[in-house]
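A.B. asks: My structure is below; once you've seen it, I'll send some questions.
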Amino acid sequence: MPRSLQGRLLLMVIGGVAGIWIAAAALTWLDVRHELDELLDGHLAQAAALLVAQQAAETEEDEHGINAPSLHRYAPKVAFQVFHEGRLALRSANAPATPMLALAGSAEERPQEGFRTIAMGGATWRVFATYGRERDTQVFVGEQVESRNAILRAVLRSVLTPMLFALPLLALAAWWAVRQGVAPMQVLSRMLARRQAQALAPITVDGAPSEMAPMLAALNSLFQRIAELMASERRFTADAAHELRTPIAAIRAQAQVALASSDDAERTHALQATVQGCDRATRLVTQLLTLSRLEAGSSPVLGRLDACAVVREVVADVAALALDRQQTIEVEAQAACPVNADATLLAVLLRNLVDNAIRYSPAGARVRVVVRNLAGSVSVTVVDSGPGMSDAEMAHLGERFFRVVGTGQSGSGLGWSITRRIASVLAAELSVSRSALLGGLSVELRFPLA
């Protein structure tokens, strides 16, 4: 098959037309041959009836072996014989003296009436045999099969010759029709070839058939998604550059203080501040990379996990930070709480929630993590005894680089953006409210039960 759509359509259309033409010609041949045989067989039977009637009226007993004259140039293609009481009474000039059916090898003394095909004089003949009313007259009328074939060829030639000349014209018309039909696709191909890489406007093709509408809709939808992704990346790059500028500037300032200071205590304090700045920058970069991977649309591989086990691992990782702040972390978990999730993303999600509860709660506060099975879902709730948030502040949670002023904690404001994005990827419902138990913030995650 040709590689081009136009070539394939032409091949299938012209091949189909040619096949139908050949089938129609064959059916025409068979039908004309059948009708022609019936017509000429009828003529033979009629001629035989006339000879029977003539012989009954005119033949005398003493007349036999009379040769009929040949009056037409086609006369040699037709032969007849008339036998009366077993003796040859009349025959055509090209007919033998013996009964025609005897040439077919028939051993019957009185061959049956009807049609037979025999070989006579180097040619094939169609012979009709019949008898008179008294059964004493026997008539044979034959016609050359080749004459029938000649008539058949003449009829078919007059019918099929115009069709044969029309076939190239039909192929040309099919080529033109296919070319016009695929013209909108060629227009689309040229438009895409000339299109700049940064051009993401929707494509419209004038006169495009309805079959191209889904393809154009899919292309325009793809361009829209690419435009949104590029806009998101540009916005993300600008915001990330702005946020990274602050910790880098702080690290540089502390390093300059350490270099310029001659006091060991001041130098040590500046170096410690430099290390803390590096830690904050590392945390910010990690959050940026996580958020970038999530917004790229990559689909994580989900598997069956025990939410209780993941919570215990996360709490063990951040326990040192809680001890430094003289805080208490409580974990209340049931035996098994299976969920469908990605292990890394689930750990990042829970670590962000517990880390926020520890960082934004004062020294000596309580942080409580509760994991339990509900009807058809698994709930993970993180509550703290910190100052909490106002309704207006909770409404802005999840916006990039949004931070509550006056907490005294360093950060980039990306933690909640990452939390909401991971919750969406894992099909978890995230809700935030004030804790009636501890008075601080209460964050609940509800996962579908695995």
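The values are calculated or read from the model by the stated rules, or taken from the named source; none is laboratory data. Here the structure is a predicted model, which means the values were calculated and not measured. Heads up, the Cβs are rebuilt from the backbone with ideal geometry, glycines too, and the neighbour counts pull from every protein chain shown. Quick note on the areas: whole protein, heavy atoms, side chains included, nothing else; ligands and nucleic acids left out. Shrake-Rupley method; radii C 1.70, N 1.55, O 1.52, S 1.80 Å.
Conditions tested, residue by residue: (1) β-branched (Val, Ile, Thr); (2) in a helix (DSSP H, G or I); (3) over 37 Å from the mean Cα position of the chain (by Cα).
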| position | (1), (2), (3) |
| --- | --- |
| PRO96 | no, no, yes |
| ARG116 | no, no, yes |
| GLY142 | no, no, yes |
| VAL178 | yes, yes, no |
| ALA193 | no, yes, no |
| GLN196 | no, no, no |
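A.B. asks: Looking at (1) at pLDDT 85 or above; (2) more than 30 Å from LEU10 (Cα to Cα); (3) not aliphatic (A, V, I, L, M), which is the one condition that is false for TRP176?
C.D. replies: (2) is the only condition that TRP176 fails.
A.B. asks: Further question on the same structure: Which of the residues belonging to segment 122-141 are at pLDDT below 80, surrounded by 13 or more Cβ atoms within 10 Å (Cβ to Cβ) and farther than 16 Å from ALA47 by Cα?
C.D. replies: Result: ASP136, single match.
A.B. asks: Right, another one. Going residue by residue through segment 326-340, is there one that turns out to be polar (S, T, N, Q), in contact with a Cys (Cβ under 7 Å, 6 or more places away or on another chain) and either open to solvent by 60 Å² or more (accessible area, probe 1.4 Å) or at pLDDT below 85 (or both)?
C.D. replies: yes
A.B. asks: Would a scan of segment 303-312 turn up a residue that is surrounded by fewer than 14 Cβ atoms within 10 Å (Cβ to Cβ), at pLDDT below 80 and not aromatic (Phe, Trp, Tyr)?
C.D. replies: Looking through segment 303-312, none of the residues is surrounded by fewer than 14 Cβ atoms within 10 Å (Cβ to Cβ), at pLDDT below 80 and not aromatic (Phe, Trp, Tyr).
A.B. asks: Continuing with this model, one more query. Mind listing whichever residues of segment 152-161 are at pLDDT 80 or above and of a type in the set (Val, Ile, Thr)?
C.D. replies: Result: VAL155, THR161.
A.B. asks: Considering only residues that are touching a residue at least 12 places away in the same chain (Cβ under 8 Å), out of contact with any Lys or Arg (no Cβ under 9 Å at 6 or more places or on another chain) and over 18 Å from GLY386 (Cβ atoms), which ones fall in segment 305-336?
C.D. replies: LEU305, ASP306, ALA307, CYS308, VAL310, VAL311, ARG312, GLU313, ALA335, ALA336
A.B. asks: Which condition number does ALA218 fail, the rest of (1) modelled with pLDDT under 80; (2) open to solvent by less than 90 Å² (accessible area, probe 1.4 Å) being met?
C.D. replies: Of (1) modelled with pLDDT under 80; (2) open to solvent by less than 90 Å² (accessible area, probe 1.4 Å), only one is false for ALA218: (1).
A.B. asks: For segment 142-161, give me the residue count where each residue is charged (D, E, K, R) and open to solvent by 70 Å² or more (accessible area, probe 1.4 Å).
C.D. replies: Looking only at that region, the number is 3.
A.B. asks: Looking at the structure I just gave you, is ALA171 more than 20 Å from GLN6 (Cβ to Cβ) and either open to solvent by less than 60 Å² (accessible area, probe 1.4 Å) or at pLDDT 80 or above (or both)?
C.D. replies: no
A.B. asks: While we're here: Within segment 162-171, does at least one residue satisfy the condition of being among the small types (Gly, Ala, Ser) and over 30 Å from LEU10 (Cα atoms)?
C.D. replies: Within segment 162-171, none of the residues are among the small types (Gly, Ala, Ser) and over 30 Å from LEU10 (Cα atoms).
A.B. asks: Against the definition (more than 30 Å from ARG91 (Cβ to Cβ), under 25 Å from the mean Cα position of the chain (by Cα) and in contact (Cβ under 8 Å) with a residue 60 or more places away in the chain), how does MET163 come out, yes or no?
C.D. replies: no
A.B. asks: Six or more apart or on different chains, Cβ under 6 Å: which pairs go from a residue in segment 247-259 that's in a helix (DSSP H, G or I) to one that's open to solvent by 60 Å² or more (accessible area, probe 1.4 Å)? Could you list them?
C.D. replies: Filtered contacts from segment 247-259: PRO247/ARG280; ALA258/ARG267; ALA258/LEU271.
A.B. asks: Could I ask something else about it? Please work out which one of (1) open to solvent by less than 40 Å² (accessible area, probe 1.4 Å); (2) at pLDDT 80 or above; (3) part of a helix (DSSP H, G or I) is the condition ILE203 fails and give its number.
C.D. replies: In the conditions (1) open to solvent by less than 40 Å² (accessible area, probe 1.4 Å); (2) at pLDDT 80 or above; (3) part of a helix (DSSP H, G or I), ILE203 misses (3) alone.
A.B. asks: Quick check on this structure: which one of SER292, SER262 is at pLDDT below 70, of a type outside the set (D, E, K, R) and surrounded by fewer than 17 Cβ atoms within 10 Å (Cβ to Cβ)?
C.D. replies: After ruling out the rest, the residue left standing is SER292.
A.B. asks: Are any residues in segment 76-101 basic (Lys, Arg) and surrounded by fewer than 18 Cβ atoms within 10 Å (Cβ to Cβ), and if so, which ones?
C.D. replies: If the condition is that a residue be basic (Lys, Arg) and surrounded by fewer than 18 Cβ atoms within 10 Å (Cβ to Cβ), then ARG87 is the only one that fits.
A.B. asks: Restricting attention to segment 74-81, does a residue exist that is among the aromatic types (Phe, Trp, Tyr), modelled with pLDDT of 75 or more, farther than 18 Å from LEU40 by Cα and more than 60 Å from the chain's Cα centre (by Cα)?
C.D. replies: Scanning segment 74-81 turns up no residue that is among the aromatic types (Phe, Trp, Tyr), modelled with pLDDT of 75 or more, farther than 18 Å from LEU40 by Cα and more than 60 Å from the chain's Cα centre (by Cα).
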